1. For the range 11-51, name all the residues that are under 17 Å from Met63 (Cβ atoms) and assigned to a strand (DSSP E or B).
2. Which of the residues that make up the range 7-25 are more than 14 Å from Glu83 (Cα to Cα) and in contact with a Leu (Cβ under 7 Å, 6 or more places away or on another chain)?
3. Among the listed residues Val29, Val37, identify the single one that is touching an Asp or Glu at 6+ places or on another chain (Cβ under 8 Å), more than 21 Å from Leu104 (Cβ to Cβ) and modelled with pLDDT of 90 or more.
4. Out of the range 69-106, which residues are assigned to a helix (DSSP H, G or I), without any contact (Cβ under 8 Å) to a residue 60 or more places away in the chain, exposed (fewer than 14 other Cβ atoms within 10 Å of the Cβ) and not polar (S, T, N, Q)?
5. All but one of (1) under 17 Å from the mean Cα position of the chain (by Cα); (2) basic (Lys, Arg); (3) surrounded by fewer than 16 Cβ atoms within 10 Å (Cβ to Cβ) hold for Lys57; state the number of the condition that does not hold.
Amino acid sequence: MPLYEHVFLARQDVSAQQVEELTARFKGVIEENGGSVGKIEYWGVKSLTYRMNKNRKAHFTLMNIDAPAAALQELERQQRIDEDVLRILTLRVEEHEEGQSAMLQKRDREDRGFGGREDRPRRGPRQNDAAQAEGEN
């Protein structure tokens, strides 16, 4: 069966619990139609680049799916009907990634404090600073 990575965005005003219920319902749709869901990652609430249906933020969820095309079509049909789902994106892939996705790795790095200026070594004086110091003497 073909492999897919499926991401859906849920409205910002639904709770994380409701997003879990949506995910469980969508997983059931895939399993009823002869497919399976390998990994589900909840990426949290993130800001959107532009407003979608008056929402500035959304709950992001990734599902790794192994299912026939008919199961995926039914999933997407039900998501288009659901008022809580803002957008969907499905990509066919050759194989699923092992471990965490890039989005969760990024969040873990940020949680540990990487990426800020405090991690960088201090630079020495600039050449212009040294030339100005000589000119003042």
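1. Ser36, Val37, Gly38, Lys39, Ile40, Glu41, Tyr42, Trp43, Gly44, Lys46
2. Within the range 7-25, Val7 is the sole residue that qualifies.
3. Val29
4. Listed by number, the residues that qualify are Ala70, Arg77, Arg80, Ile81, Ala102.
5. Answer for Lys57: the failing condition is (3).
The values are calculated or read from the model by the stated rules, or taken from the named source; none is laboratory data. Just so it is clear, the model here is predicted, and its values are computed rather than measured. So basically every Cβ, Gly included, is an ideal-geometry build from the backbone, and we count neighbours across all protein chains shown.
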